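First comes the structure, then the notes that go with it.
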Amino acid sequence: TNMRLLNNSMGLSINRKFSTVYVRKTAGNRLGDLRKQLEQDNDSLRDFAIEERPIRHKAAPRSSKILPKPKWLKAAPATSENYKTLHKTVRDLGLATVCEEARCPNIGECWGGSENGTATATIMIMGDTCTRGCSFCAVKTSRNPSPLDPNEPNNVAKAIKKWGLDYVVLTSVDRDDLEDQGSLHFRKVVNRLKELMPELLVEALTPDFQGNHALINNVATSGLDVYAHNIETVERLTPRVRDRRAGYQQTLDVLSYVKTLNKTCLTKTSIMLGLGETDEDILQTLSDLREVDVDVVTFGQYLQPTRRHLKVKEYVTPEKFDEWQSEAMGMGFKYVASGPLVRSSYKAGEFFLKNLLRDQHARDDEVIIASA
């Protein structure tokens, strides 16, 4: 590059040519720079390698909000021959059972029966998919479940006759998608069972049919022996536990209306414990049930079916369940089943039949005394 320099003192102008030199760094240059950098650093490679550092401990596990199950919540394994027979028939006829769909822990005991007990199966009719979504229930939900199976009344009757049961519980999903909410289909199943087996005791664990009296009438006058509709929990917890379409007062109204239609059938309901209810809540619920003349009440422990469902707030002890049984019997219920693993239909045949025999013996004694 040519550059003009002015020398003020000499007044001369000089032209000089300068060259720009580019230096390419070789690998050797870079290695040298790295060595100098390491020398300037406070820590040498050796110091870095042998430096003592604090030991990092594994973080403590977060406390789980899921309560561990106590030792008394142990159900009998489903291994008996009677269980296997019932299970095969259910599959062969394409039936659904609430025992399986709701993941009931007592399926082995109820289906298996016992030496002195009656095997009980709870058949779920009108499909395996419900139109409601209660926070405690494991049954599948959909706004538009599959159509009803017109062959179901016959298939259910064939299955029950093959099993040779003395007592059967029929339950169903809610079918808010149907005009009659499935009430006439429910009636047909009960009718068919009674046609084939007049001596069979039939319990119907029903939906609320949105409180529609005409639909309740379809089932209540079908020939059943026990009309069951579950209140599930205390009034204070109902909005959190049950679907918004299922109300505490609506359940009481259903049970009350049934009594005006069928004087001979028993009414029954069930209460889950362990959801955060208080003793005062339970006492009020029992009082409300007696006000509408409910005959049978059962108490059972709520068990969380999956992590998506309501968490268990408390595992109620067997001793506390015994206390509630005594309390309810003292309030005038005809029969009370209460225990951690009791469900609405848990060993229903055994409980109901024993109580039925007890009442029958009492009536026979009254006749003998009157004749004397």
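The values are calculated or read from the model by the stated rules, or taken from the named source; none is laboratory data. Worth saying up front: this structure is predicted, and the values here are computed from it rather than measured. Positions of Cβ are backbone-derived with ideal geometry, glycine not excepted, and every protein chain shown enters the neighbour counts. Calculation scope for accessible area: heavy atoms of the full protein, side chains included, ligands and nucleic acids excluded. Shrake-Rupley method; radii C 1.70, N 1.55, O 1.52, S 1.80 Å.
What length, rounded to one decimal in nm, is gained on full extension from GLU195 through to LYS161, with 0.36 nm per residue of separation minus their alpha-carbon distance?
Here the segment from GLU195 to LYS161 would lengthen by 11.1 nm.
Mind jotting down the three principal axis lengths of the stretch 255-310 based on Cα atoms? Whole angstrom, largest first.
42, 25, 14 Å, listed from the longest principal axis down.
Label ASP180 and ARG35 with points 7 Å out from Cα along Cα→Cβ: what is the distance between them in nm?
In this crude spin-label approximation the distance works out to 9.9 nm.
Tell me, what HN-Hα J-couplings in whole Hz come from the Karplus equation 6.51 cos²θ - 1.76 cosθ + 1.60 at θ = phi - 60° for each residue of the stretch 327-341, using x for Gly and Pro?
Ordered by residue, 3J(HN,Hα) equals 4, 5, 4, x, 8, x, 5, 6, 8, 9, 10, 9, x, x, 9 Hz.
At q = 0.14, 0.22, 0.25 Å⁻¹, what is the base-10 log of I(q)/I(0) for the stretch 146-237 according to the Debye formula with one equal point scatterer per Cα and no solvent? Please give it to two decimals.
Debye output, listed in q order: -0.51, -1.12, -1.34.
Greater than 27 Å separation of Cα atoms is the criterion. Which listed pairs, LYS161/LYS334; LYS161/LYS188; LYS161/LYS268; LYS158/LYS334; LYS71/LYS162, meet it?
The answer is LYS161/LYS334; LYS158/LYS334; LYS71/LYS162.
Take each of the peptides 329-342, 177-190, average the number of other beta-carbon atoms within 10 Å over its residues, and list them starting from the highest.
By packing density, highest mean first, the sequence is 177-190, 329-342.
Along the Cα→Cβ direction, 7 angstrom out, place labels at GLN304 and GLN210. What is the inter-label distance in nm?
3.4
Considering the stretch 179-334, what Rg and Dmax in Å follow from its alpha-carbon atoms?
Final numbers for Rg and Dmax: 16.3, 46 Å.
Amide H to amide H, which residues 5 or more places from GLN304 or on other chains are under 5 Å from it, using H placed in the peptide plane?
Residues meeting the criterion, in which the H sits 1.01 Å from N, are VAL312.
Per 0.36 nm of contour for each residue apart, how much would the distance between THR317 and ASP293 grow if the chain were fully extended, relative to their Cα-Cα spacing?
The span from THR317 to ASP293 would gain 5.8 nm if fully extended.
Highest first, please rank the peptides 223-229, 245-251 by the mean number of other Cβ atoms sitting within 10 Å of their residues.
Top to bottom by mean Cβ count within 10 Å: 223-229, 245-251.
Taking only the C-alpha atoms, wrap a convex hull around the stretch 187-272 and report its volume per residue in Å³ as a whole number.
Roughly 88 Å³ of hull volume per residue.
Once amide H atoms are placed 1.01 Å from N in the peptide plane, what residues at a sequence separation of 5 or more from SER338, or on another chain, have their amide H within under 5 Å of its amide H?
The answer is PHE299.
I'd like the accessible area for CYS134: 1.4 Å probe, protein heavy atoms, all chains in place, Å² to the nearest 10.
Counting only protein heavy atoms, CYS134 exposes about 40 Å² to solvent.
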